[in-house]
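K.L.:
This is the structure, below, for whatever I ask next.
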Amino acid sequence: MAKAPEDPTTAEPAASPPPAAAAPAQATMTAAEALDTTKKKKKKPGVPPRRGKKLRNVLKSQAQKVKATPVLGVKQALVALKSLKRAKFDETVEIHINLGIDPAQSDQMVRGSVALPNGIGKAVRVVVFCQGENVAKAKAAGADDAGAADLVGKVTGGWLDFDVAIATQDMMGQVSRLGKVLGPRGLMPTPKAGTVVPAGGDVAAAVREFKAGKVEYRSDKTGQIHAGVGKMSFDDEKLAANITTFVETVRAAKPAGVKGNFINGIVLSATMCPGIRLSI
């Protein structure tokens, strides 16, 4: 039988095409995403944002003032440094010493520690690797944590919330396994830095010294030493005493193999302040 023709009034309407505006909108979105991607590609890692005009003028003025400043004594340099303060927080006063050593020679590496008479103005977190009755002594002296195998396991697991690590001589066999973890961060206990307590030594005294402001120093691969010696809020007398003590301690640590000048130059600076040259 022949198929009857469909009634045009009852036939389903054909699907309507998508709105014409949808395609341009999609194209616009894609263009915006492409533009955003292009902008991100132009950014270079480690490059800070452009400084404002006001900040550029301040830094330029400070640079001119420092350039015109001659080499000063400690107290005069502190006065000049505090006149350059622009940060709202209490900045750390730093000392940078350029040594006349050959960093490639292991016997000329300078390393040690010094107890500053007026501290460094911040809380120092100290842990002690010890066992037996020394654990109670260390905690009583103010150590943030102390222990033997339990503390070694804690550090092996990734815990590094401390600034100074002290170890007794009998614990160095276990602590030496942490060299890959503590070494790159400068936290590995060593006799030269005073962070290894010899047999029969006073663990409590070592903890109190570092909690009070004992500072470790070590020459870097460029032959320089950098360390914090106090805060901007310190009196000039206290800062001067800390700086003098630090410099004299470094001067006394001159290696036997160094010929000529041991200290080539000293610069005093702060967290957000330019450096002031000190007279040697």
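Readers should treat all values here as calculations from the given coordinates under stated rules, not as data from a laboratory. Treat the numbers as computed from the prediction; the structure is a model and nothing was measured. Here Cβ is always computed from backbone atoms with ideal geometry, including for glycine, and neighbour counts include all displayed protein chains.
K.L.:
Relative to 2.2 N^0.38 Å, what does the C-alpha radius of gyration of the stretch 186-257 come to as a ratio? Two decimals please.
P.N.:
Values: Rg = 14.2 Å, N = 72, 2.2 N^0.38 = 11.2 Å.
Dividing the Cα Rg of the stretch 186-257 by 2.2 N^0.38 Å gives 1.27.
K.L.:
Note down the net charge around residue 203, summing +1 for each Lys or Arg and -1 for each Asp or Glu among other residues with Cβ under 13 Å from its Cβ.
P.N.:
0
K.L.:
Please compute the modelled spin-label separation between residue 69 and residue 111, points set 7 Å along Cα→Cβ, answer in nm with one decimal.
P.N.:
3.3
K.L.:
Residue-wise, which Karplus ³J(HN,Hα) couplings in Hz belong to the stretch 275-280, taking 6.51 cos²θ - 1.76 cosθ + 1.60, θ = phi - 60°, and x for glycine or proline?
P.N.:
x, 10, 6, 9, 6, 8
K.L.:
Moving on. Taking the Cα-to-Cβ direction at residue 122 and at residue 280 and moving 7 Å from each Cα, how far apart do the two end points lie in nm?
P.N.:
2.9
K.L.:
Under 37 °C and 0.692 mPa s, how fast does the stretch 113-153 diffuse according to Stokes-Einstein, given a Kirkwood radius computed over C-alpha pairs? Answer in µm²/s, whole number.
P.N.:
On the way: Rh = 11.5 Å.
After rounding, the answer is 287 µm²/s.
K.L.:
So for the stretch 123-211, Kirkwood radius off the Cα pairs, Stokes-Einstein at 25 °C and 0.890 mPa s: how many µm² s⁻¹?
P.N.:
Working: Rh = 12.5 Å.
Answer, rounded: 196 µm²/s.
K.L.:
Which entries of 88/214; 75/139; 154/214 have Cα-Cα distances beyond 31 Å here?
P.N.:
Values: 88/214 27 Å; 75/139 38 Å; 154/214 25 Å.
In this structure, 75/139 lie more than 31 Å apart at Cα.
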